[in-house]
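The values are calculated or read from the model by the stated rules, or taken from the named source; none is laboratory data. Note that the structure is a prediction, hence the values are computed from the model and not measured. Cβ coordinates were reconstructed from backbone atoms using ideal geometry, including for glycine residues, and neighbour counts include every protein chain displayed. Accessible surface is based on the protein model in full, side chains and every heavy atom, while ligands, DNA and RNA are left aside. Shrake-Rupley method; radii C 1.70, N 1.55, O 1.52, S 1.80 Å.
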Amino acid sequence: MEAEPPLYPVAGAAGAQGDEDQLGVPDGPEAPLDELVGAYPNYNEEEEERRYYRRKRLGVLKNVLAASAGGMLTYGVYLGLLQMQLILHYDETYREVKYGNMGLPDIDSKMLMGINVTPIVALLYTPVLIRFFGTKWMMFLAVGIYALFVSTNYWERYYTLVPSAVVLGMAIVPLWASMGNYITRMAQKYYEYSHYKEQDEQGPQQRPPRGSHAPYLLVFQAIFYGFFHLSFACAQLPMIYFLNHYLYDLNHTLYNVQNCGTNSQGILIGFNKTVLRTLPRSRNLIVVESVLMALAFLAMLLVLGLCGAAYRPTEEIDLRSVGWGNIFQLPFKHVRDFRLRHLVPFFIYSGFEVLFACTGLALGYGVCSVGLEHLAYLLVAYSLGASASSALGLLGLWLPRPVPLVAGAGLHLLLTLSLFFWAPAPRVLQHIWILYAAAVLWGVGSALNKTGLSTLLGILYEDKERQDFIFTIYHWWQAMAIFTVYLGSSLPMKAKLTVLLVTLVAATASYLWMEQKLRRGVVPRQPRIPRPQHKVRGYRYLEEDNSDESDAEGERGGGRGDCAEEEAPPAGPGPGPKPAGLCRRPCPYEQALGGDGPEEQ
């Protein structure tokens, strides 16, 4: 019986046709090496390149969705736990039965102080932390600190709640600054992966044209804030499915409330000190807190496992190369830019309007008139309206740049004027539809505000790959506004509405003035960030580009990198041996010997 021929021909062995195949190429030991180990004959380089960049683009979309979902879970868990904790601690019976004379109201006030006061100094350390840990790892660390705050509620004591609140306050600005920088960087990378052929034609050192990544930035910011605003709805799930079953109705909680809306003063003056019909069992509370802890841990895993790096490793080590002192000073130097100065009122208003939605509108108008049992549903209406309206930020693809931001400001202006003259009666449910409509419309304005501001910053500073300084300034002013609201919580509602109205008008006027300056061609003054001086022993930097460099700096430097300041060699052949290269960096071995290059003897 004859043996069957092998399925694949054996390399180096003569085939059935002798020493040559059908094409006349030898098939024995004399066969060419390329025929044996060369590329696959049907390999299509253009098709493989297209598939490679498609995978890169899908990776960028995965990063955006993972960061958005992680931010939604983190903020939703934090708000939900804080809301449930404050309601339980407000009840007199709960405090006396569960904790006796421990002083929970005093602990809660110090905890809120730690959360709101600590971000005041965030401008000093946020850029240093982002440059030291990197954008992705700063996000992961901050989400972990939020999870730490959740874990301390298993044992509610002064020495657990207050320190964790202080640490949480330190992580607020770094988290959202790194998130904003991360989403903006993903839009830049998506443009690079979508137009890789143009990048090859222009060269690796050529920057893309201005406004090129703006459409992707609009889409990514709409996705991010669509998820972010859902966090307010997620925060109400413990209230809806757990705490609402223990609450008294409005006839009990609002029995002594006399004034609501624009006639109210402080937060819920006259609200009953007992809001719980029965006390929740400790075991049920532990189950709820365990679910929240699991969600916080899931947010950490999303950021850790699914969020890719924002920059290449060589770009993330700029702390040692640019210098601690320069990074510490640069947020203050960026304030020289008139664009940021004109946007500061909008940054402040962005903090005011979120706190007003959660405290002024939801408590001063909602809970004060229709009871605590409707608080969760009012905030869900605000959340869903804001999340769905985040897609309205895509109008910037077809409309002029100021339209979405000014439209959101105009909507808030009309709502603020309407609320200024409305005082709903306590314990009356006939006007509850007005409250839901106001909550949804306020969410629409919030979505236009948040999406428009973040997109505007990414477009104004698109010539910089790194925008951590810009988003640090934005979220620091937002934190300062939240701190101001915390200080003025006892003011009358008319005073709060007046401050909100004045800030909104000033912010809109200042922003339109900035746009007018840009149309006139006024050149903004940007700080010059020092070029990285890589002095790390034994580390070989392969990239010559500077991620902090703007277009203007690149034009001044002529695009020559670190060799821009060196003199050109004289024309014609010179005497002596030809140098090995004027711009070559010394290798690690030469650095270890202390030499500056091949010329040093």
Given the protein chains as shown and a 1.4 Å probe, how many square angstrom of Arg157 are accessible, to the nearest 10?
60
Rounded to the nearest 10 Å², what accessible area does Arg55 have for a 1.4 Å probe in the complete protein model?
140
In nm, what is the difference between 0.36 nm times the number of residues separating Trp155 and Leu124 and their Cα-Cα distance?
7.9 nm
Heavy-atom accessible area per residue - segment 340-415, 1.4 Å, Å²
30
Here the FRET efficiency for Arg50 versus Asn101, based on Cβ atoms and R0 = 60 Å and rounded to 0.05, is 0.25
Counting only backbone N atoms under 15 Å from a point 7 Å out along Cα-to-Cβ of Thr498, the residues of segment 247-284 in range are 262-266
Of the accessible area of segment 457-518, computed with a 1.4 Å probe and all protein chains kept, carbon and sulfur make up a percent value of 75
Roughly how many percent of the accessible protein surface of segment 126-267 is carbon and sulfur, given a 1.4 Å probe and a whole-percent answer?
60
Any chance you could run the full-extension gain for Glu198 through Ala388? It's 0.36 nm times the residue separation minus the Cα-Cα distance, nm to one decimal.
64.9 nm
Segment 45-204 accessible area per residue, 1.4 Å probe, protein heavy atoms, integer Å², reads 40
Taking 0.36 nm per intervening residue step and subtracting the Cα-Cα distance, what contour gain separates Ser212 from Ala506 on full extension?
102.7 nm
Everything considered on the Cα gyration tensor (a ≥ b ≥ c; rounded for a/c under 1.5, else prolate if a/b is larger than b/c, else oblate), segment 279-425 must be described as oblate
Shape verdict for segment 360-502, please, from the Cα gyration tensor: rounded (a/c under 1.5), prolate (a/b greater than b/c) or oblate.
prolate
Rolling a 1.4 angstrom probe over the protein heavy atoms, how many square angstrom per residue are accessible across segment 464-525?
45
Ser164 accessible area, 1.4 Å probe, all protein chains in place, Å² to nearest 10
10
Largest-first ranking of Trp477, Trp155, Trp442 by accessible area, probe 1.4 Å, whole protein assembly kept, is Trp155, Trp477, Trp442
Under the rule a/c < 1.5 gives rounded, and otherwise a/b versus b/c splits prolate from oblate, where does segment 360-430 land using the Cα gyration tensor?
oblate
Going by accessible area, probe 1.4 Å, with all protein chains left in place, what is the ranking of Cys358, Cys368, largest first?
Cys358, Cys368
What's the local net charge at Tyr154, with K and R +1, D and E -1, over the other residues with C-beta under 13 Å away?
0
Sort Glu96, Glu192 by accessible area with a 1.4 Å probe, largest first.
Glu96, Glu192
Report the paramagnetic label zone for Ala425: residues of segment 344-369 whose backbone N is under 18 Å from a point 7 Å from Cα along the Cα-to-Cβ axis.
365-369
Cα-centre dipole for segment 423-482 with unit charges at Cβ (Lys and Arg positive, Asp and Glu negative), debye to 20
340
